[in-house]
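Read through the structure below, which is laid out as structure tokens, and then see the notes.
The values are calculated or read from the model by the stated rules, or taken from the named source; none is laboratory data. Quick caveat: nothing in here was measured; it's all calculated off a predicted structure. Backbone-built Cβ (ideal geometry, glycine too); neighbour counts: all protein chains shown.
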Amino acid sequence: MELEQIIEKLGTLQNGDTIVKSLQETTNLLLNRYCFSIEGITLYPIELESYFYRAGVFEDPYVHSNELQMNHFGEFYVHRRGQSANDAYKMDNRVCVGISLSAADTYYYSALIRSAVFADGTAKFGPNNVLTYLASKVNEQEHAISPDFFNERHAGTFELSKLFPAIEHRKVLQKAAHNADPRNKENVFFSSRIGIGDENMHYRNMQLRALIGTLQKEYQFKEKSLILKDYLQSKKLRGEEAAKEAKRVYGSAPKAVISQL
């Protein structure tokens, strides 16, 4: 099924488990076939988290429910401190970016870009790192802030917000050219989202974090042990089979993980 068909169907689904499967199908497609491109800068997602909210059907409390997460399909959504499209952006050291995937005014849906590989070969892990690097490349064309800003970490400042108007309100989602795609697509992993608190364990534990590549050292994903456990459980592997697969994707077979299966 093509991405647009999945998105169209999402707006009609009524069952929570079916919605989760559809969200996983969406992120799987994005990680394998799509990229985001703006002002000649292209990034290929390798880690995404789904945030979907439809009143009365799938009321995920971790969704920001910002206006830019609704009916802005294919556009970047830079995180704000409220639900209005005009609300202030989050601070430079906390702000992140997602891709809006809602194609109707009946639900909110975006995928947080947690990690990505850029066309220049640079890999960034962590959502704030992804957006900061994207902003630095945009700034090379916009010259909105001093290039020196990107040489150190910042807390309590809002300098990056000067660049966000050049990032939002544009269609950036496109199919990736196979011969230009730098991603390792050997494995696809699904796990629970991280860093969202424990307000609602039902939604927190949903497998709405999607990743590709491997879990070895060069992939600096957060909570790798959790990803590995969820992956092995999804494959229904235990004992020696689980240990063998863990060594393949993780580089070792941690006893703390294998014993939980």
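Looking only at residues in segment 2-33 that are touching a helix residue (DSSP H, G or I) at 6+ places or on another chain (Cβ under 7 Å) and of a type outside the set (Val, Ile, Thr), which one is farthest from His202 (Cα to Cα)?
Looking at the filtered set, the residue picked out is Leu3.
Just to be sure before I move on: is Ser37 out of contact with any helix residue (DSSP H, G or I) (no Cβ under 8 Å at 6 or more places or on another chain), assigned by the TED database to the domain that holds Gly156, surrounded by 15 or more Cβ atoms within 10 Å (Cβ to Cβ) and among the small types (Gly, Ala, Ser) in the structure I sent?
Working: out of contact with any helix residue (DSSP H, G or I) (no Cβ under 8 Å at 6 or more places or on another chain): yes; assigned by the TED database to the domain that holds Gly156: yes; surrounded by 15 or more Cβ atoms within 10 Å (Cβ to Cβ): yes; among the small types (Gly, Ala, Ser): yes.
Yes; evaluated as a whole, the condition is true for this residue.
How about segment 15-67: which of its residues are out of contact with any strand residue (DSSP E or B) (no Cβ under 7 Å at 6 or more places or on another chain), among the acidic types (Asp, Glu) and under 30 Å from His178 (Cβ atoms)?
Glu25, Glu39
Being of a type outside the set (A, V, I, L, M) and without any contact (Cβ under 8 Å) to a residue 24 or more places away in the chain is the filter here; which residues of segment 4-39 pass it? Give the steps one after another, and end with the answer.
Looking only at segment 4-39, we keep the residues that are of a type outside the set (A, V, I, L, M), and these are 4-5, 8-9, 11-12, 14-18, 21-22, 24-28, 32-37, 39.
Hits for segment 4-39 are Gln5, Lys9, Thr12, Asn15, Asp17, Thr18, Lys21, Ser22.
Given the criterion over 24 Å from Tyr53 (Cα atoms) and touching a residue at least 12 places away in the same chain (Cβ under 8 Å), identify the matching residue among Leu131, Leu112, Leu163, Leu173. Don't jump to the end; show me each part of the working.
Numbers: Leu131 fails: over 24 Å from Tyr53 (Cα atoms); Leu112 fails: over 24 Å from Tyr53 (Cα atoms); Leu173 fails: over 24 Å from Tyr53 (Cα atoms).
Step by step, each of Leu131, Leu112, Leu163, Leu173 is checked, and only Leu163 is over 24 Å from Tyr53 (Cα atoms) and touching a residue at least 12 places away in the same chain (Cβ under 8 Å).
Matching residues to (1) surrounded by 13 or more Cβ atoms within 10 Å (Cβ to Cβ); (2) hydrophobic (A, V, I, L, M, F, W, C); (3) within 22 Å of the chain's Cα centre (by Cα):
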site: His154; (1), (2), (3): yes, no, no
site: Lys171; (1), (2), (3): yes, no, yes
site: Arg183; (1), (2), (3): yes, no, yes
site: Glu186; (1), (2), (3): no, no, yes
site: Asp198; (1), (2), (3): no, no, yes
site: Asn205; (1), (2), (3): yes, no, yes
site: Phe221; (1), (2), (3): yes, yes, yes
site: Tyr231; (1), (2), (3): yes, no, yes
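For residues in segment 112-152 being β-branched (Val, Ile, Thr) and within 13 Å of Phe36 (Cβ to Cβ), which is surrounded by the fewest Cβ atoms within 10 Å (Cβ to Cβ)? If you could, list the steps in order and put the result at the bottom.
Narrowing segment 112-152 to residues β-branched (Val, Ile, Thr): 113, 117, 122, 130, 132, 138, 145.
Add one more test, that the residue is within 13 Å of Phe36 (Cβ to Cβ), and what stays is 113, 117, 130, 138.
Values: Ile113: 25, Val117: 22, Val130: 25, Val138: 19.
The selected residue is Val138.
Which members of segment 153-196 meet the condition of being in a loop (DSSP other than H, G, I, E, B), over 19 Å from Pro127 (Cβ atoms) and either touching a helix residue (DSSP H, G or I) at 6+ places or on another chain (Cβ under 9 Å) or at pLDDT below 95 (or both)? Step through it out loud before you land on a result.
Of segment 153-196, the ones in a loop (DSSP other than H, G, I, E, B) are 153-158, 163, 167-170, 172, 176-177, 181-187, 192-196.
Those still in the list that are over 19 Å from Pro127 (Cβ atoms) too: 169-170, 176-177, 181-182, 184-187.
Within segment 153-196, His169, Ala176, Asp181, Lys185, Glu186, Asn187 meet the criteria.
Conditions: (1) part of a loop (DSSP other than H, G, I, E, B); (2) surrounded by 15 or more Cβ atoms within 10 Å (Cβ to Cβ); (3) touching a strand residue (DSSP E or B) at 6+ places or on another chain (Cβ under 7 Å). Leu237 meets all but one. Number of the miss?
Against the list (1) part of a loop (DSSP other than H, G, I, E, B); (2) surrounded by 15 or more Cβ atoms within 10 Å (Cβ to Cβ); (3) touching a strand residue (DSSP E or B) at 6+ places or on another chain (Cβ under 7 Å), Leu237 comes up short only on (3).
If the requirement is being of a type in the set (Asp, Glu), closer than 26 Å to Arg153 by Cβ and surrounded by fewer than 19 Cβ atoms within 10 Å (Cβ to Cβ), which of these qualifies: Asp87, Asp92, Asp105?
Working: Asp92 fails: surrounded by fewer than 19 Cβ atoms within 10 Å (Cβ to Cβ); Asp105 fails: closer than 26 Å to Arg153 by Cβ.
Just one listed residue meets the conditions, Asp87.
If you take the residues of segment 214-227 that are in contact with a strand residue (DSSP E or B) (Cβ under 8 Å, 6 or more places away or on another chain) and part of a helix (DSSP H, G or I), which of them is nearest to Ala123 (Cα to Cα)?
Ile227
What about Ala242, is it touching a Leu at 6+ places or on another chain (Cβ under 9 Å), assigned to a helix (DSSP H, G or I) and not assigned by the TED database to the domain that holds Ser115? It would help to see each step written out before you state the result.
Working: touching a Leu at 6+ places or on another chain (Cβ under 9 Å): yes; assigned to a helix (DSSP H, G or I): yes; not assigned by the TED database to the domain that holds Ser115: yes.
Answer is yes for this residue.
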